[in-house]
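Chemist: Please find one structure pasted underneath; my questions will follow.
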Amino acid sequence: MSQPSSTGKPSSGIRTWVVFPPSRFLRGNNTRLKHLLQQPDNRTCADCGAPDPKWASSNIGVFICLKCCGVHRSLGVHISKVLSVTLDAWTDNEIDAMIDVGGNASANSIYEAYIPKGISKPGPNVNQDQRSNFIRSKYELQDFLKPSLRILSSNSSSLISSLSRKNIDSSPSRKIANSIPSTKGMVEFIGVLKITVVKGTNLAVRDMLSSDPYVILTLGQQAQTKVQNSNLNPVWNEELMLSVPENYKPVKLQVFDHDTFSADDIMGEVEIDIQPLITSAMAFGDAGILGNMQIGKWLKSHDNALLEDSIVNIIDGKVTQEVRLKLQNVESGEIELRIEWVPLGQ
């Protein structure tokens, strides 16, 4: 089949993917969070003023846009714990903490109390370096606080959580290592991947008779699953989130065996080509107005680790892809994933 031209990145050699030509609500009943999001001050990003923010820092208590979300993740969860308003399941404690803060206006009255002359709050279209510098000054360095408050949050997850004595536990089903190493030269984000690590099959033995596997996904930042003790056929069904930059590369997946007293052993790795998914999604536009259909395909070939062709579908208004991969550089092991593409602004 001949391949149509796409808006994705150029690839070398034979194309192993196909784009077929075109022929939000909160999880659970979190009405309290939805109520808070509808306040006038929460309808724009707390940091840059972009309209209709779909992300939040649950420990700081602000609603933010996708571009600012990328910077917040780079700060680390000890400063800003990022959750999606539409994709993540929120705990009661996290919602209580957001309500306790009161929203963007209340938080900004503390974090932006004293912005020095010559420093301007960024707008929605500033470059990523300006955005990053402002957000780091605001939350990490606390340059805009009253001087008397700065010391209170030196070892806490956020200033407001220190003042209110609220401690928000991380959701056990969503352990994410937000480890973007540097903000220098940060690029614009175009969307988010929601990757469900479904299960592993016939994984390699790294202990006496079994292994304690976990998965790390890397795309600039990292996301990690829980450890499955003594299991060569683990079932995770665990959702992980990765922000996708403009000049994206394949997602790197690695499986490790957790060791208590020595370095963790590698149990195989593989690259996930996300170009078929993203290019298919961009070609069709707003998937929410379309019916269920197949829109693309990542083809199995000798150049990739696919066990079978991977279909890109629109299902219930979402662009998704089921992927089965054979782990590389290891004696055995397969990984099954489910990937969903969330574009900028959704």
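Chemist: Given the criteria farther than 13 Å from Leu253 by Cα and modelled with pLDDT of 95 or more, does Leu307 qualify?
Modeler: In short, yes.
Chemist: Among the residues of segment 319-333, write down those that are open to solvent by less than 20 Å² (accessible area, probe 1.4 Å), assigned to a loop (DSSP other than H, G, I, E, B) and of a type in the set (A, V, I, L, M).
Modeler: Across segment 319-333, the qualifying residue is only Leu327.
Chemist: Restricting to segment 225-268, what's the tally of residues that are of a type in the set (S, T, N, Q), under 24 Å from Leu83 (Cβ atoms) and touching a Pro at 6+ places or on another chain (Cβ under 8 Å)?
Modeler: So the count comes out to 0.
Chemist: Has segment 50-57 got any residue that is more than 25 Å from Gly317 (Cα to Cα), of a type in the set (Asp, Glu), modelled with pLDDT of 90 or more and not in a strand (DSSP E or B)?
Modeler: The answer is no; no qualifying residue exists.
Chemist: All but one of (1) closer than 30 Å to Arg206 by Cα; (2) exposed (fewer than 15 other Cβ atoms within 10 Å of the Cβ) hold for Gly268; state the number of the condition that does not hold.
Modeler: So the condition that Gly268 fails would be (2).
Chemist: What residue, of Thr260, Thr225, Thr201, Thr218, is open to solvent by less than 20 Å² (accessible area, probe 1.4 Å) and among the β-branched types (Val, Ile, Thr)?
Modeler: Exactly one residue qualifies, and that residue is Thr225.
The values are calculated or read from the model by the stated rules, or taken from the named source; none is laboratory data. In this text, all values refer to a predicted model and were calculated from it rather than measured experimentally. All Cβ positions, even for glycine, are placed from backbone atoms using ideal geometry, and neighbour counts span all protein chains on display. These area figures cover heavy atoms from the full protein model, side chains too; ligands, DNA and RNA do not enter into them. Shrake-Rupley method; radii C 1.70, N 1.55, O 1.52, S 1.80 Å.
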